[in-house]
1. Find how much the distance from ASP48 to GLN305 grows on full extension, using 0.36 nm per residue of separation minus their present alpha carbon separation; answer in nm with one decimal.
2. So for each of 181-190, 139-148, 414-423 I average, over its residues, the number of other beta carbons within 10 Å; can you give me the resulting order with the highest mean first?
3. Determine the per residue accessible area of the stretch 117-466 with all protein chains present and a 1.4 angstrom probe, expressed in square angstrom.
4. Take the alpha carbon gyration tensor of the stretch 110-175, find the square roots of its eigenvalues, order them as a ≥ b ≥ c, and report rounded if a/c is under 1.5; if not, report prolate when a/b exceeds b/c, else oblate.
5. Can you bin the stretch 203-311 into rounded, prolate or oblate? Criterion: square roots of the alpha carbon gyration tensor eigenvalues sorted a ≥ b ≥ c, rounded for a/c under 1.5, prolate for a/b above b/c, oblate for the rest.
6. Under 19 Å from a point placed 7 Å out from the Cα of LEU238 along the Cα-to-Cβ direction: which residues of the stretch 377-399 have their backbone N that close?
7. Over the stretch 117-466, with every protein chain in place, what whole percent of the accessible area is carbon and sulfur at 1.4 Å, could you tell me?
8. When the scattering of the stretch 117-466 is computed by the Debye formula from its Cα atoms alone, each counted once and equally, what is log10 I(q)/I(0) at q = 0.13 Å⁻¹?
Amino acid sequence: MGRKRNNFYMRSLFLLALGIFGLLQYNNFNYLDSRDNVLGDAVTNDSDDAILAMVPATLHKYLTPHSRNHSASGAGVLNGAALLLNASSPGAATASTISFDVYHPPNITEIKRQIVRYNDMQMVLNEDVFGPLQNDSVIIVVQVHTRITYLRHLIVSLAQARDISKVLLVFSHDYYDDDINDLVQQIDFCKVMQIFYPYSIQTHPNEYPGVDPNDCPRNIKKEQALITNCNNAMYPDLYGHYREAKFTQTKHHWIWKANRVFNELEVTRYHTGLVLFLEEDHYVAEDFLYLLAMMQQRTKDLCPQCNVLSLGTYLKTFNYYTYHSKVEVMPWVSSKHNMGFAFNRTTWSNIRKCARHFCTYDDYNWDWSLQHVSQQCLRRKLHAMIVKGPRVFHIGECGVHHKNKNCESNQVISKVQHVLRIARNSHQLFPRSLTLTVPSLMKKSKLRKGNGGWGDMRDHELCLNMTLATR
């Protein structure tokens, strides 16, 4: 009887202690959250000063524009960093004349020449500092267009990540810009390479893959297109529309860069590790590489069928206290798992064997096309391990699918900085282990009708040609 009473008391004490511990943890987290809110309110959260204050001083160089045009346009100026000359101000007429060498952007012929030179050289910057690429190291591939402001913040976030010095950071460009090149070549925290998509609209403005003068207008009826004999008149998309070059380029660029990295670059010839895909308007947490390595190690016991690891999810709110160390597994879904995802050469080889499914599917989106490949062609479907507390965030307010009034808004950048500060201060980053959670019941992914924009036979042929190995 006494032993039962003692056991009862011990269980009661244990449950009481557990409850007190949980309450203290909850209060501590709420305290940190409220303290950060107070600190954030001291300075306008999305002001340039507040954003700059969240970045270590040694990294300010990546946020400070040094435009060759001596202009603020497109540079994402922070805190008056750009050079401003106000000729209309009082006294300007009597001021000493200041002369600059006028910057002349390269013409198309020069851009093409530079692209060939870069792609032939395959130069790896900083290799003398950080050593050659190890076969099992992570390669990060960033698809870059023209949004240099977002790219600056992505670079700052990458610079603060643990073990970033071990990666090869590849920037894949579909627009040649000297300011962007200067920014990328300024990176000093890891090995860096630039590759340039050679079939861009920029380098082919008046011919395919750009806009040929004889291309069929988007909304022309097929009967009228046949009468006028415009290009590709026989093949509108499944909605009756004709090709728009600005929308087709992203899909072409994605398949080209993947094939370039896995099948053409000398530095990656024997690479067996993960390739992580990012875009210019992403932002990473400082433990994203740490978590990626942990996920890779746990695939054998948590998800043997997983061939994709995903670090980003599209969430409006982020609860690191609950989800910082939790992962779930499910079939790869293009609309949910296309941000900050990684796979290895084996997975890519299987995708490339299904190139015809990718290149002829009537959808201008690369991610929808990839899901079509998974559903219709791959013997081993794309199956993903997804981190519940995201380590890759989307900060872009404007792009192919989004057209906001303020395309240089700092609001999302500020929000992500704030979320990561709370996670850091409450010790929610760098978890010691991962826990697999059971996802909520998902509907079986149906075969979907494509979004169109990809009916042109020229796009099918170009895409297929870019998946051919050249070595």
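The values are calculated or read from the model by the stated rules, or taken from the named source; none is laboratory data. The structure displayed is predicted, hence computed values, not measured ones. Cβ: placed from backbone, ideal geometry, glycine included. Neighbour counts: every protein chain shown. These area figures cover heavy atoms from the full protein model, side chains too; ligands, DNA and RNA do not enter into them. Shrake-Rupley method; radii C 1.70, N 1.55, O 1.52, S 1.80 Å.
1. Working: separation 257, 0.36 × 257 = 92.52 nm, distance 4.50 nm.
My answer for the length gained is 88.0 nm.
2. Details: 181-190: 17.0, 139-148: 22.1, 414-423: 20.3.
Highest-to-lowest ranking by the protection proxy: 139-148, 414-423, 181-190.
3. 44
4. oblate
5. Values: a/c = 3.09, a/b = 2.55, b/c = 1.21.
Prolate, since a/c reaches 1.5 and a/b exceeds b/c.
6. 377-378
7. On the way: 7620 of 15260 Å².
C and S fraction of accessible area: 50 percent.
8. After summing over all Cα pairs, the log10 values are -1.07.
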